[in-house]
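Step one of this worksheet: look at the structure below.
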Protein chains: 6
Amino acid sequence: MKILNLPPIINTGFGSQEMNDYIAKYLLPDTEMDTWHLDYGPSSIEGEFDEALAAANVALKCVEAENAGYDAVFVNCFGDPGVRAAREAVNIPVFGGFEPIAYYALGTADKISVVTVLPEVVPMIEGEIARYGLEKRFTKVRHVNIPVLDLEELDILIKAVTEESKKAIREDGAGTIVLGCTAMAGVKEEVEKALNAEGYRVPVIESGQAALVMLETFVRMNLYHSRITYMPPREKVRNLWQTENKDNTAV
Amino acid sequence: MKILNLPPIINTGFGSQEMNDYIAKYLLPDTEMDTWHLDYGPSSIEGEFDEALAAANVALKCVEAENAGYDAVFVNCFGDPGVRAAREAVNIPVFGGFEPIAYYALGTADKISVVTVLPEVVPMIEGEIARYGLEKRFTKVRHVNIPVLDLEELDILIKAVTEESKKAIREDGAGTIVLGCTAMAGVKEEVEKALNAEGYRVPVIESGQAALVMLETFVRMNLYHSRITYMPPREKVRNLWQTENKDNTAV
Amino acid sequence: MKILNLPPIINTGFGSQEMNDYIAKYLLPDTEMDTWHLDYGPSSIEGEFDEALAAANVALKCVEAENAGYDAVFVNCFGDPGVRAAREAVNIPVFGGFEPIAYYALGTADKISVVTVLPEVVPMIEGEIARYGLEKRFTKVRHVNIPVLDLEELDILIKAVTEESKKAIREDGAGTIVLGCTAMAGVKEEVEKALNAEGYRVPVIESGQAALVMLETFVRMNLYHSRITYMPPREKVRNLWQTENKDNTAV
Amino acid sequence: MKILNLPPIINTGFGSQEMNDYIAKYLLPDTEMDTWHLDYGPSSIEGEFDEALAAANVALKCVEAENAGYDAVFVNCFGDPGVRAAREAVNIPVFGGFEPIAYYALGTADKISVVTVLPEVVPMIEGEIARYGLEKRFTKVRHVNIPVLDLEELDILIKAVTEESKKAIREDGAGTIVLGCTAMAGVKEEVEKALNAEGYRVPVIESGQAALVMLETFVRMNLYHSRITYMPPREKVRNLWQTENKDNTAV
Amino acid sequence: MKILNLPPIINTGFGSQEMNDYIAKYLLPDTEMDTWHLDYGPSSIEGEFDEALAAANVALKCVEAENAGYDAVFVNCFGDPGVRAAREAVNIPVFGGFEPIAYYALGTADKISVVTVLPEVVPMIEGEIARYGLEKRFTKVRHVNIPVLDLEELDILIKAVTEESKKAIREDGAGTIVLGCTAMAGVKEEVEKALNAEGYRVPVIESGQAALVMLETFVRMNLYHSRITYMPPREKVRNLWQTENKDNTAV
Amino acid sequence: MKILNLPPIINTGFGSQEMNDYIAKYLLPDTEMDTWHLDYGPSSIEGEFDEALAAANVALKCVEAENAGYDAVFVNCFGDPGVRAAREAVNIPVFGGFEPIAYYALGTADKISVVTVLPEVVPMIEGEIARYGLEKRFTKVRHVNIPVLDLEELDILIKAVTEESKKAIREDGAGTIVLGCTAMAGVKEEVEKALNAEGYRVPVIESGQAALVMLETFVRMNLYHSRITYMPPREKVRNLWQTENKDNTAV
């Protein structure tokens, strides 16, 4: 089985082999994972503007991936830019970061708390919770106020996520913590350990690992997205485009 | 006041001066409306794939419109591709077709029914109802199964919309009918008359008219989108692009 | 166009020309606004007992207003005593203070917070939110604990509303503040400015202004209340009454 | 114990000793029930206009009843005109027809269906279901399209209610039928028998009986309405009134 | 009338005649109450494991009770182990502690707060609130962190419950307090008095008293559980069992 | 990895090696599945009475399984008797049939329909949907009215399930069909094929396969049930029992 890992961002060096290995860690030995980037779009997703810039290229890359023989695509972002669009266009499973982690988390606790990076993605994530009708199982979304591209300082991140997780448990009644950004990969074990040390035996779940295993499962079990919800796009005139500046001008 | 009418589609000749006049009919005399099209994107919105192709250019056109001195932008589509993205990027009000008609309709009846064009946009519209937390006031979305680009045969459309509206009233308890596609402009009066003739004194509301007046009101009253919900995009590397083929290749 | 401003209270001198000008400030030049009072009822609305005393006279005054040629009636109170009753009895639009401000606020933010005057009106307002099915978009109602008839000390009011608004933003996640009493007219600008000064770019909306513009829009666009939701009263014996004491005895 | 039966209507001869005996049938031997009527108001409640005409007098009659030594008041109507107002004003329990029957019905089945008289009261009843947050347990409200003052032809009524009840069971999944008008007293046993005859062992509940026993229980158990939800009215100027025409002019 | 009081626990001496008299205090003079215990099961219910151990014997004891001529059974626990099972198997009313107190509480306030014993029963009680579709009327469940079998130190319990009740009122907006464990019998009056002393006129309701009166009412009014919701068990092979050790081994 | 398959029924010969192979078909080669039965309980689960008879033994068997070295337990029933109880008592993942299929189905379509066996299990399944807060994603539960122990006539079953599935798609808007009884194993492929033949490209999911793969995933990813939701049972006196009649007397 071949799964495409597709961060919905252009390649500016963010994301390491280490991180890819980390999220792929629960895949079966015969599952291969490749990574592609977008040709155009933002260098990180920190709001719905970034999502909009990414969505079209995500959908088209999914078509390309299906044609290239991939069995599934992981749109590697806790938001899900272009995910529903891609499901209309292809016949292979496509997941962003939110849905798989949410569905696994539902099996672990009555109330789930998302701890994410920045205040600006809170409405985006609460929007996903509403869009997928899961408000009754999720508490309010919390954030640590650290931008995505600064997430690599793990010690600070671990401490901040642990603090917000404790508030989620004590004040919001959360039973499971969901890491609300795919770029938070790598802190799950440490946060879980820190919570355990304070007497909270609470699962902490990482969205990349969850998504890749969910996709692998969909392929193994021949599960697919319903064509009642995701009808194929009609043929019509659609105007494509190409990147204007390959030199990554800041906008 | 200058409002930009922005159908989130490329210009393939769809949309007439007549239709523009129709939706602008309730604007105040000193409100001007211009119409722009996308440089790239689909030729109509009939699902979330089309929305994804349109979203980025919609958001960027809104930035351009604000810079050009427009006071507000109507993303002329019952879906709202790029609308939330645009609100992050600009300081002027931006509405798609769904929200304004929904908010006016809430003032007219306890239960509202959307009658739209095609089955493939039903999940998109039910998604907007869920995203905006309005499930308790809306009945299930109904459709007449006519593609957007065939909507210009008004007689057939009027008859089909009237039939679905009667079912919405009788079977779903709807008190108000909302026309669920901005391209359905022009049938409101006839449908309302037909329903009246059968004893149903039920408002039928058209989304373009509703959106333009809502935007005009926002400008007049200095209402704006909250920066808690729509935080401005951080500066970062974002890759732009340009249209690949100006000759409207079918995809 | 002629709109009737109908505070659902007897005239004891509360309400000034200044306040009327304030709420009418966004009306079009050719829209006239007159003000009537009730013949009997309470001198302010601070709970459901007061609403019940007002409701009948509100409904009958709306009938009188329609007969006198008014195009719309604003029942000038954040509760909506007699509003649904009046809609059954007349063919012109009738709004209280809650619905219009709620519907405009829905277009500004994902989560909206009402800040009102007294604890005793909180169940009344939370009841309106429930009755109109908007719980998912509104946070809990907050109050400043100042009686309606003491609202004219603006400095104290502005400070108290600003404090509660900050709590609504920080603790409840509110993105927009709605002033939950029509007698709070006049503080909107100051509260908004104070919130801005603390870095919150959050709309503050005033219900009288919102209601009058909503009514004006309904008239301009020929929008009306559905006769499925508001069926006309059947003819039957109904006993009317007259005021017992014109000298405003305290009850 | 003395309970006041207060139909929120003026006395035009509707309501018989038989009907009063019927609803009082489950009261304890030492519970007395008296009946009062309004001095002004409608001759029946068939919509929110009628409710508004009744509300003030209902609230004031409850004050009068408390002063006269009554232990509880039943506002004898499936709508609840003036009920919440009265609870603010008195210290004795006050119930309309909806709440008690709803709360008993909740103990009998997962899904409950109200079958009422006329289409115009459907929004009023669905409004109560929403106001009291019980949407998840109630199916859509059904009606037999018979005006209140014609309800005395029992055979027709029984047959019509049975038919709608069967639809509620088969199409809406209802497990219990609630008679949605206090003037439907007297058909409960026959409808239940008819449903049994078709194999449906489904409770049919009558609102007058339910309300009177609920009130009796509240008095016996010293239960009362919370002063957090129902704060006492502040002292202020309130204008009372007297009936204009005792000769029951039609309006 | 004969009601069976059935604590879903084995008899280890917990529960006194005093407590039984306390919960029976509002029963009518001609209502008899007997108490049975389980033959096997836990010695107290403090989670869903205990519920599962009790459920079968509860259901079978209800069958036995019906055969022995009881008119109703109170499964004396705020959880409701075996209650729905028993309703399928018998034709008499069966209630646990949660439903009756909830339904009476609904008539007292807009928002209700359960204060219970231990954190481990919070998910069980929040599960009942969800199962019975009452989330909109209940605030989060609070607890005093005292095990059931230590509840007999009333002073500590009263103080702790009063403190949590005040938080429920101030922070969660509760208008009525529900004692969330049938073993909390006996503190209701003192907690209510303590809340009154701080200016909160808020009902405090005890679940045993509520349940017994609800059952008595069901019998008096011939109310019963719908056979649409609770269909009788089909005949089939079912394996019964007997207690293994009568000497109450700890598990 | 070793997973225990635990049908919550006594062994009366129902369930074949073929059916076990069918549900285990997506397990990894190195995952072993054993099957145990209850020592006491019902011979099938067709309502909440049967669930109550099974619950205690299910929970105790899970303890036994954990002690015997199993890594996970599948309580092989679409209801989930004893599942939450078991999670309190053990440290390994335990799932019934409902949750895993629900969580996978959420990833396939916006609206999901359960098609089950008998009317008496409908309230049990709708109860699970409510308990797990998933009402917004599930349509009403449909059934084919065939008892569990007659399910082995596959042709009749396939036809009946296909018919109900088509109604779920057409009338309720379902996008995915969930087989609502673990004993329906074996018809998934045929129903899916029949729906495809009518133009519905709609996933049909089987609960045993879903549950076993979900458990395997939990073990592989070290996911577990939160100890906030499922606190371990306190030590206390609990009375065990033994089967009374090993000869399977009908009850």
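Given the structure, is E:Ala55 closer than 23 Å to E:Val114 by Cβ and in the same structural domain as E:Phe138 (by TED's automatic domain parsing)?
no
How many residues does region E:168-182 hold that are open to solvent by 30 Å² or more (accessible area, probe 1.4 Å) and either out of contact with any Ser or Thr (no Cβ under 9 Å at 6 or more places or on another chain) or within 30 Å of F:Val237 (Cα to Cα) (or both)? Let's see the steps before the verdict.
Keep residues of region E:168-182 that are open to solvent by 30 Å² or more (accessible area, probe 1.4 Å), which gives E:170-173.
From what is left, the residues that are either out of contact with any Ser or Thr (no Cβ under 9 Å at 6 or more places or on another chain) or within 30 Å of F:Val237 (Cα to Cα) (or both) are E:170.
Total satisfying the criteria: 1.
Take the residues in region A:197-220 that are more than 10 Å from chain F (Cβ to nearest Cβ) and open to solvent by 10 Å² or more (accessible area, probe 1.4 Å); name whichever of them is farthest from F:Pro232 (Cα to Cα).
A:Val219
Kindly check whether there is at least one residue in region B:35-54 that is farther than 21 Å from A:Pro233 by Cα and not in a loop (DSSP other than H, G, I, E, B).
Checked against the condition, which is being farther than 21 Å from A:Pro233 by Cα and not in a loop (DSSP other than H, G, I, E, B), region B:35-54 yields at least one hit.
Identify the residue in region C:225-237 that is open to solvent by less than 20 Å² (accessible area, probe 1.4 Å) and facing chain B (nearest Cβ under 7 Å) and, among all such residues, is nearest to the chain's Cα centre (by Cα).
Restricting to residues being open to solvent by less than 20 Å² (accessible area, probe 1.4 Å) and facing chain B (nearest Cβ under 7 Å), the top hit is C:His225.
Test of understanding: among E:Val161, E:Val202, E:Val191, which residue is over 28 Å from D:Tyr26 (Cα atoms), at pLDDT 95 or above and touching a Gly at 6+ places or on another chain (Cβ under 7 Å)? Steps first, answer last, please.
Numbers: E:Val161 fails: touching a Gly at 6+ places or on another chain (Cβ under 7 Å); E:Val191 fails: touching a Gly at 6+ places or on another chain (Cβ under 7 Å).
The conditions single out E:Val202.
How many residues are in a loop (DSSP other than H, G, I, E, B) and not small (Gly, Ala, Ser) if we restrict to region C:55-75?
Number of matching residues: 2.
If a residue has to be under 16 Å from the mean Cα position of the chain (by Cα) and either farther than 30 Å from D:Met124 by Cβ or not β-branched (Val, Ile, Thr) (or both) to count, how many in region B:81-119 make the cut?
23
Can you say whether C:Asn67 is out of contact with any Phe, Trp or Tyr (no Cβ under 9 Å at 6 or more places or on another chain), under 20 Å from C:Val219 (Cβ atoms) and surrounded by fewer than 24 Cβ atoms within 10 Å (Cβ to Cβ), as far as the supplied structure shows?
Yes; evaluated as a whole, the condition is true for this residue.
What are the residues in region A:108-117 that are open to solvent by less than 10 Å² (accessible area, probe 1.4 Å) and modelled with pLDDT of 95 or more, if any?
Passing the criteria: A:Thr108, A:Ala109, A:Ile112, A:Ser113, A:Val114, A:Val115, A:Thr116.
As an exercise: evaluate F:Gly133 against (1) more than 26 Å from E:Glu235 (Cα to Cα); (2) of a type outside the set (A, V, I, L, M); (3) open to solvent by 20 Å² or more (accessible area, probe 1.4 Å) and give the number of the one condition it does not meet.
Answer for F:Gly133: the failing condition is (3).
If I filter region C:76-87 down to residues being part of a helix (DSSP H, G or I) and open to solvent by less than 10 Å² (accessible area, probe 1.4 Å), which single residue comes out as nearest to the other protein chains (Cβ to nearest Cβ)?
My answer is C:Ala85.
Checking D:Glu189 against (1) of a type in the set (Asp, Glu); (2) touching a residue at least 60 places away in the same chain (Cβ under 8 Å); (3) at the interface with chain E (Cβ under 10 Å from one of its Cβ atoms), which single condition isn't satisfied?
Looking at each condition in turn, D:Glu189 falls short on (2).
Out of all the residues in region C:88-114, which are in contact (Cβ under 8 Å) with a residue 40 or more places away in the chain, within 14 Å of chain D (Cβ to nearest Cβ) and not in a helix (DSSP H, G or I)?
Answer for region C:88-114, where residues must be in contact (Cβ under 8 Å) with a residue 40 or more places away in the chain, within 14 Å of chain D (Cβ to nearest Cβ) and not in a helix (DSSP H, G or I): C:Asn91, C:Val94, C:Gly96.
In region B:5-53, how many are small (Gly, Ala, Ser), more than 8 Å from every other protein chain (Cβ to nearest Cβ) and under 14 Å from the mean Cα position of the chain (by Cα)?
Summing the residues that are small (Gly, Ala, Ser), more than 8 Å from every other protein chain (Cβ to nearest Cβ) and under 14 Å from the mean Cα position of the chain (by Cα) in region B:5-53 gives 2.
Take region D:160-196 and flag every residue that is assigned to a loop (DSSP other than H, G, I, E, B) and either within 19 Å of the chain's Cα centre (by Cα) or closer than 26 Å to D:Gly13 by Cα (or both).
Passing the criteria: D:Gly180, D:Cys181, D:Ala185, D:Gly186, D:Val187.
Run D:Leu240 past the list (1) open to solvent by less than 50 Å² (accessible area, probe 1.4 Å); (2) at pLDDT 95 or above; (3) within 10 Å of another protein chain (Cβ to nearest Cβ) and report the number of the one that doesn't hold.
Among (1) open to solvent by less than 50 Å² (accessible area, probe 1.4 Å); (2) at pLDDT 95 or above; (3) within 10 Å of another protein chain (Cβ to nearest Cβ), the lone unmet condition for D:Leu240 is (2).
Do we find a residue being in contact with a helix residue (DSSP H, G or I) (Cβ under 6 Å, 6 or more places away or on another chain), open to solvent by less than 10 Å² (accessible area, probe 1.4 Å) and of a type in the set (Val, Ile, Thr) anywhere in region B:94-107?
Checked against the condition, which is being in contact with a helix residue (DSSP H, G or I) (Cβ under 6 Å, 6 or more places away or on another chain), open to solvent by less than 10 Å² (accessible area, probe 1.4 Å) and of a type in the set (Val, Ile, Thr), region B:94-107 yields at least one hit.
Residue check: is B:Cys62 touching a Leu at 6+ places or on another chain (Cβ under 8 Å), open to solvent by less than 30 Å² (accessible area, probe 1.4 Å) and under 19 Å from B:Pro100 (Cβ atoms)? Step through it out loud before you land on a result.
On the way: touching a Leu at 6+ places or on another chain (Cβ under 8 Å): yes; open to solvent by less than 30 Å² (accessible area, probe 1.4 Å): yes; under 19 Å from B:Pro100 (Cβ atoms): yes.
In short, yes.
Listed here are the residues, each with its yes/no results for (1) surrounded by 18 or more Cβ atoms within 10 Å (Cβ to Cβ); (2) of a type in the set (Asp, Glu); (3) within 18 Å of the chain's Cα centre (by Cα); (4) more than 11 Å from every other protein chain (Cβ to nearest Cβ).
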| position | (1), (2), (3), (4) |
| --- | --- |
| E:Pro123 | yes, no, yes, no |
| E:Glu128 | yes, yes, yes, no |
| E:Arg137 | yes, no, no, no |
| E:Val144 | yes, no, yes, yes |
| E:Glu152 | no, yes, yes, yes |
| E:Ile158 | yes, no, no, yes |
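The values are calculated or read from the model by the stated rules, or taken from the named source; none is laboratory data. If you're wondering where the values come from, they're calculated on a predicted model, not measured in any experiment. When we count neighbours, we look across all protein chains shown, and the Cβ atoms used for this are built from the backbone with ideal geometry, even at glycine. Ligands, DNA and RNA are stripped out before the accessible areas are found, and what is left, the full protein with its side chains, is counted by its heavy atoms. Shrake-Rupley method; radii C 1.70, N 1.55, O 1.52, S 1.80 Å.
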